[in-house]
Every structure is written in C-alpha cells, then in structure tokens.
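Encoded as structure tokens, the structure appears first; notes follow it.
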Amino acid sequence: MLLFVGLGNPGNLHVWNRHNVGFMAVDAIAKRHGFPPWRRRFQGVATEGALGGERVQLLLPGTFMNESGRAAAEAMHFYKLALSDVVAFHDELDLPPAKVRVKTGGGIAGHNGLRSLTAHIGNDYRRVRIGIGHPGVKELVHGYVLSDFPKTERPWVEALIDIVADNAPSLARGEDASFQNKVHLAMDAKGFGPKEPTDDKA
C-alpha cells in the first residue's frame, strides 16, 4: 500500500489557488484511473484503487495546509506504512511554472504543508514538486500562493495535471526518474515546457 497525499486547503474558495496544485494533481489521478468516489476518512477525504500494480490510498487532508501532517499520520499509522510509502504532491516556489521534480527528503523551504508532514511523520517521504514560480519578493509569497492561477496560466496547469495523472503509475512503481522525464516530454510536446533555467538542487 502506498499513500499519495495532495497538499492544499479544502473548500471552494481555494480550488484554483496556486497552493492547491497538489490537491488538483491527486484529484486528477483519482478521476483518470477510475478510483471510487471520495469518502470522509483520516481527517479529510480518501479513496483507494490500483496504480501500476500497486494498491494506492489517495488522501486530501481536510485540516488546512498547516495541519496536513495530522491527516497523513492517521492514514499512515492505520495502514502501518513506512515513510518510503508516502508521496506528497505540493506546489514549489523554487521551480518555474510547469516544471516538475521528484525527490526524497530535503528541506521544507518555508512550505507549511511540508513542515506539518515532517513534524508528524518524519522527513524522508517522496515529494512531487510542482513548480508555480516565485513572485520575486519574499513579502509577496503569502498572497501569491493563496491567489488563484490567472486564466492565462490555466492552460498549462490543466495540461500538467492531466499529464501527471496519466503517468502516476510510474510513481506507484517507484520509477521516479521515468515519471519526471515522461511529464517533461509530454509538456514539451504541448508547448508548455519551462522557459527558464532551473537549479536542480533547489
């Protein structure tokens, strides 16, 4: 059993927030791969299905971003999962829009969802980092992540979420590098590849 956790804030007000791109990705995986309807579990909503030959529990915490770890820890303890079984999907300021990187462990870079996860379950879980870009000034970050993607950006957001969902079986099989490459190739093919250089150590 694997646990895929989308990081975001519940409620209609936050649906298109940049901070909710992790929610968007996990919800798209559920739809694309025919998971059963979401039901209330683990202080959020969850659904279970098969991906890449693995059983996967999808979880959208209902605790708001700052307490995401409470919901994830409850699910993790219920299924007796190891940290290596947990994959968090989250927005990443340090990557340009449309860039996706997968890594295990690392810093939290001020992300309150990651801070909560690390506090409740430990740090060495896998992370699907979905680039949203940076507003350029630290003081603008809070408002930036809690604002909606503008309509001009929604085409690449929707394309990326669909492509992440398409290739989620690779993540379930532990083929992180393959998943990352497939996502980038598919985004490039659609003309949505990142236009600026990135530091892969970010």
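Since every read-out is calculated from the coordinates, none of them should be taken as a lab result. Model, not experiment: these values are computed from the prediction. Positions of Cβ are generated from backbone atoms using ideal geometry, with glycine treated the same way; all protein chains shown enter the neighbour counts.
Peptides 2-9, 146-153, 50-57: what's the order by average Cβ count within 10 Å, highest mean first? Provide the component values of the computation, followed by the final result.
Working: 2-9: 25.8, 146-153: 12.9, 50-57: 16.5.
Put in order of decreasing packing, that is 2-9, 50-57, 146-153.
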Let me confirm the definition first: pairs of Lys residues in the chain, 8 or more apart or on different chains, C-alpha distance under 23 Å. How many are there? 21
Go through segment 35-49 residue by residue and turn each phi into a ³J(HN,Hα) via Karplus (6.51, -1.76, 1.60, θ = phi - 60°); whole Hz please, and just put x for glycine and proline. 5, x, x, 4, 9, 5, 7, 6, 6, x, 10, 9, 8, 10, x
I'd like to compare 137-144, 175-182: which one has the highest average count of other Cβ atoms within 10 Å, and what's the full order after that? 175-182, 137-144
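Relative contact order for the chain: what percent, with Cα pairs under 8 Å and sequence separation of 6 or more?
Values: 396 pairs, mean separation 51.9, N = 202.
It rounds to 26 percent for the chain.
What does DSSP give for segment 22-135 in terms of the percent of beta bridges that are antiparallel, rounded to the nearest 5?
Values: 16 of 22 bridges.
For segment 22-135, the DSSP antiparallel bridge percentage is about 75.
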Amide H contacts under 5 Å for residue 88, restricted to residues at least 5 apart in sequence or on another chain and with H modeled in the peptide plane, are 5, 126, 127, 128
Whole-Hz ³J(HN,Hα) from phi, Karplus 6.51 cos²θ - 1.76 cosθ + 1.60, for segment 62-75, glycine and proline x: x, 8, 6, 3, 5, 10, 3, x, 5, 5, 4, 5, 4, 5
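Given the chain, what whole percent of its Cα pairs are spread farther than 25 Å? Walk me through the numbers before you get to the answer.
Working: 5828 of 20301 pairs.
Of all Cα-Cα pairs in the chain, 29 percent lie more than 25 Å apart.
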Per-residue ³J(HN,Hα) for segment 175-187, Karplus 6.51 cos²θ - 1.76 cosθ + 1.60, θ = phi - 60°, Hz, x for Gly and Pro: 8, 5, 5, 5, 4, 4, 5, 5, 4, 5, 5, 5, 5
Taking the DSSP beta bridges in the chain as the whole, what percent of them are antiparallel, to the nearest 5? 55
